[in-house]
Structures are given as C-alpha cells and as structure tokens.
Amino acid sequence: MNALEKELLFLVETHLQFIYDNKDFPDVDITVLARKIITLFDLDENCLKPAVHESLWDEKDVLSITYGDSIVKQGESPLKTLKHFFDDHLKDTLSGIHVLPFFPYSSDDGFSVIDYTQVNDGLGDWSHIEDIAKEYDLMADLVVNHCSSRSRWFDNFKQRKEPGKSYFFEAPADTDTSMVVRPRTSPLLREVETLDGKKYIWCTFSHDQVDLNFANPDVLCEMVNIIRLYLDRGVKIFRMDAVAFIWKELNHSSIHHPKTHEIIRLMRTLIEHHSPDAIIITETNVPNVENLSYFGNANEAHAVYNFSLPPLLIHALITGDCTHLKHWQMSMPPAQEGTFYFNFIASHDGIGLRPAEGFLNEEEINTVINSVQQTGARVSWRTDDNGNKKAYEINVTLFDALAGTVSGPDKWQNERFICAHGVMLALEGIPAFYIHSLLATQNYQEGVELTGSNRTINRYKWQRDEIEDKLSQPHTHHAKIFTELKRLIEIRREQSAFHPNATSFTLHLGNQLFGFWRQSIKRTQSIFCIFNFSSEEVTIPLASINLVDVNKWMDLVSGDTFTDMHQDLTFKPYQFIWLSNKWQ
C-alpha cells in the first residue's frame, strides 16, 4: 500500500468512525468496512490524487436540464432523439446536460427508482447514456434518500430476506413524528405486511418512495456500488437528490443531520479519488442558510442549487421592485475556491417557496402565488412544524409565470422572460436552463388532468417534428426565445468576468433597476450588469455606475458603445445591459 492509498484509507476510516460511532454501532468494524468500500470503488490500486480546492469549471460551463423523453420521435429511442436535438441546435452553446432520472421507476416521473443499475427501456439503454457523456458533461441523479416500493430490495424486505430485509427505516406505529421536517402532507409512516407481520416504514415523500436506512452499512455499500457504476458509464456530475433527509433518527427533525453531512463528505472523498474532475451537487430545497451548509468547509458539495433565486427573481419581476432580490444578493457569501453556485430559475419541479423564507413575508409570497395563478399556475402544499398546511411550491412553466405582473397579463411576456435569464446568465455561478424554458413551453394543463400531479404542468413531451416546426418559423414565440437565449449564452461563454467564481458586487440603483458588477479573476475585464425590472422606461446617469472614464465601454447585449461618461442610460421595460470594458 503506497502513501496515497494509506492516506485514502485513513480518510475513509475517519468518515466512517463519525457515521458509525462505536457507542451506537459497536458491531461495525470500521477498518473492515473501509477496506470493503475502497475495494468496491476500485481504489485499491487505481487511486488518484485530487486537487485541493481547485475550480474545475469556467465561464464556458452552461447546462441544460431535461427528461430523457422531453423530445420524442416515433420509432426512435428518446435518448437518441434528445441527443440529436442537442447536437443539431445546442452543440456549440451548452457544455453539459442533466438528464433527469433515466432508470426504471414506478412514480414521480423517475424519482421512485425500481432499479438503479438499468436504463429505463422506454428511453433507451446504457449505450445512449454513454453517447451523451462522450459529447457533453453528463449530470445524473443519485436518488439517495429512497427507492421504489416495487424495487427488488423492498420485495425482499416484505419477504424478510436479504438484500433488503434491513434496508429500510422502520419505526413503531405510535412513533411521535411531530418533530420531523418534510415537504409533504401525507402520513410519514406506511403500514406494510411482511412475513413477520406488520411493519411501519418511513416515507419522507410518498408511500411509493420508501426511505433507505443508512444506519445499515450494507445500504451505504450499495450506494457506493451505484456511484461507481455511474462513473464507469460516463457520469461526471452527481445531483444528490433529497440528500438532506437521508439520516433518520427518532425524536429528531431528521433533516440536515450531522451524519448526513458526513456521508456526503465520504462520497466526495471516494468520487474525487476515482475521478478528480467529477462534481457533486446537492439538491436541498430549504431556506438559504440551511442550503449553504452543504458546502461544508469546501469539503462537501462542489456546488449547491441556488434555490432562493427563482422565487425572489419572479417576485421582483412581477412587482417591479428588486429590493428583496438585492438584499439576498448582498447576503450571499462568495463561493470558496473549488465550489460554485448552481443557478437555475426553472426546473422539472416547481418554484420552491421555502427558500424565500427570511426574504419574503407571507403576504409577499401570497402576492406571487396570486399573480401567477392568473396565468394557470397550481400550488403544492406541505405541513409546517405546527401541523399547519403551507404552500410549498408553485407549479407553472416559467414562460407563463412571467406572462404578466401583479396588475395582470401584459404585452411584455417575452421581454420579461429574457430579462430573467439575463440575470441568471450573469450571476456568480454556473447557469442551467430547463429545456422547457429554452423552448418557451407553456402550461401543460391537460397533463395535470391526466396524471393528477401538479408538477406535470411543466413536463410536456414535445414531438421532434412539432418543436422543429415551431423553431423554424421566426414569428413564433418559441423561435424568438430560443434564438435570443442561444445568443446570450454564446456571449456569456466568451467573457472572463462571467467565470463562476469571478468577483461580484451589488449595485444600488433604486428599486426598479437590479444591478451588479462582475470582475474577472485576473481583473482584466469588468462587466456592469443592469436590469430594468419594471414595465416603465427608466433613465439614470451613466456616471452613477462609477465607470472608469479612461475606458471605452460596450453593451455586450446590444453592441452599443459608450465614451461620454456624462450621458444618460435609458432602459426600456425589462431591457438590460452587460456593460463591459473588454470585448472581442
């Protein structure tokens, strides 16, 4: 065993000693378990040394989020169709693709996994996944908290045999679960008939999504095996789904448990010693401070979802007041070297409202809800700590969410929608575009009626010919939005000041204008990003931005140049500028 392998063994043992401490787990042999995990990960002889706090990304990194069958074509595997669409339209625009769960599943559009080791044959097979990974940085979901009640493990649980008999978290029927924090209103415990009689199983999300029990080291080893398989198949970015809930404990909130954080640190240690360029992103749809905790000391997630951005940005755009968005921006600590913010404003789920807590009060959240309901939005609910029903997320396509303001629908939908993405592209971090935002898809109300799930509203499946026809006609809103978003992405990718870790400072330009200054890591480029969030024309003196007047400045968005620092800047409704001292 060389020095690097000894170091790895020490690290893995240290993680495991915290997770399976001798007091609560006296029967767990930490050294034996550590060696088993290292062998499962093929790190006995193939251990690589990871770089410490190194940024593995730059301004060219832009991702898209999509289901494997968001675009389909008769007679062709959806994953193949999807890749062809990205190759034809976005090959030189995007660096990576997040293919949402592509495994056999029983519910929740993939997040109730039946078999982690197989590709859903309705989408394709592993060769299609590998083909995507050859051309793009592939992001995949590690559905770590739960699996399907139709999985082999759960069948074995009911039959009282391994593997599976001890893979799920059981609790007495009369357990007081009032302390448990979760995003659903359904009963937490599910009654299950087994060969040993009735058992009560913990189900954080739904009774088809049965929670795994990481207090059993065999469950941890199973997940290690799965991670290794995904790496071998070309996955470079791991989205750790619902990770905040993975360690359960009676008489505890069972969210953000210290052992949850340690499991993430262990997984990072393993992944980065196997593939030093692989990345972990934690999906924790919780209030901002809790979300940021998953950076750890730059030793947990490489990135965290910027969950507060969507509700705050939408609130600002529909009210015309960026005060709360600006306060949030000022409160965000710069991501440490080797970490970054994963910025998104639309996803396969809804607009989460918990991350707005502490920034928007209940009346302001209701303002958002009432406004977007005018354009067909639905609302999903949760139970709060006091047992009260509260809005958890708004279900709507982003295009329709921004169809109007608090005053109702208006003529500025396209401009407002583009403005929102201009913010996302310019912020510190890496931007990710949900495919239905790229395509300006509208609410899929028929789908909600068919499935009974509010989230279906933003999960339409385009026929390839149908969307190609829309994009080929320049007058359609689909073509206008798609073309402009591509143009903005391509501009962003050439600016060193838009590096995910480049300096960012908030500008103070009143309530209607949201602005911030980005400066490249080498301080050679500055970009002043200013957005009009109102339906009114707004004018400010160029001198109020404190530009260095020895430079010639250009708006990267319009191409306009500025040399007279005493002139005014006039913004049309929802117009924005990226004012740079350097351009190609």
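Before moving on, here are some points about what is shown:
- Yes/no for D321 being outside any helix (DSSP H, G or I), more than 30 Å from M267 (Cα to Cα), at pLDDT 95 or above and not assigned by TED's automatic domain parsing to the domain that holds P187: yes
- Counting the residues of the range 97-145 that are of a type in the set (D, E, K, R) and part of a loop (DSSP other than H, G, I, E, B) gives 3.
- First in the range 461-477 and touching a residue at least 12 places away in the same chain (Cβ under 8 Å), second anywhere and among the hydrophobic types (A, V, I, L, M, F, W, C) and assigned to a strand (DSSP E or B), Cβ under 6 Å, 6 or more apart: K461/V72; W462/I71; R464/I71
- Lone unmet requirement of (1) surrounded by 19 or more Cβ atoms within 10 Å (Cβ to Cβ); (2) under 26 Å from S535 (Cβ atoms) for A432: (2)
- Some residue of the range 101-121 being of a type in the set (G, A, S) and closer than 30 Å to E490 by Cβ: no
- Test: N388 is of a type in the set (S, T, N, Q), without any contact (Cβ under 8 Å) to a residue 40 or more places away in the chain and outside the structural domain of M179 (by TED's automatic domain parsing): yes
- Matching residues, the range 348-365, being in contact with a strand residue (DSSP E or B) (Cβ under 8 Å, 6 or more places away or on another chain) and over 10 Å from N395 (Cα atoms): L353, R354, I365
- Test: residue in the range 274-288 that is part of a helix (DSSP H, G or I) and at pLDDT below 95: yes
- Scanning the range 501-543 for residues that are of a type in the set (S, T, Y) and either touching a residue at least 60 places away in the same chain (Cβ under 8 Å) or closer than 18 Å to H315 by Cα (or both) turns up T503, S504, T506, S534, S535.
- Complete set of residues in the range 523-562 that are over 21 Å from Q512 (Cβ atoms) and outside any strand (DSSP E or B): R523, T524, Q525, V548, D549, V550, N551, K552, L556, G559
- Condition met for P187 (under 25 Å from the mean Cα position of the chain (by Cα) and modelled with pLDDT under 95): no
- Within the range 365-389, the set of residues being touching a Ser or Thr at 6+ places or on another chain (Cβ under 8 Å) and crowded, with 17+ Cβ neighbours inside 10 Å comprises S371, R382, T383.
- Residues that are touching a Lys or Arg at 6+ places or on another chain (Cβ under 6 Å) and part of a helix (DSSP H, G or I), drawn from the range 16-57: I19
- Within the range 139-163, residues that are more than 16 Å from F111 (Cα to Cα) reach partners that are assigned to a helix (DSSP H, G or I) with beta carbons closer than 7 Å, at six or more positions or on different chains, in the pairs E162/N156; P163/W153; P163/N156; P163/D218.
- Residues in the range 478-498 that are of a type in the set (A, V, I, L, M) and touching a residue at least 60 places away in the same chain (Cβ under 8 Å): I481, L485, L488, I489, I491, A497.
- In the range 346-366, the residues that are basic (K, R) form Cβ pairs under 9 Å with partners that are surrounded by 18 or more Cβ atoms within 10 Å (Cβ to Cβ) and in a strand (DSSP E or B), at six or more places apart or across chains, as follows: R354/Y392; R354/E393.
The values are calculated or read from the model by the stated rules, or taken from the named source; none is laboratory data. Here the structure is a predicted model, which means the values were calculated and not measured. All Cβ positions, glycine included, derive from the backbone under ideal geometry; neighbour counts span all protein chains shown.
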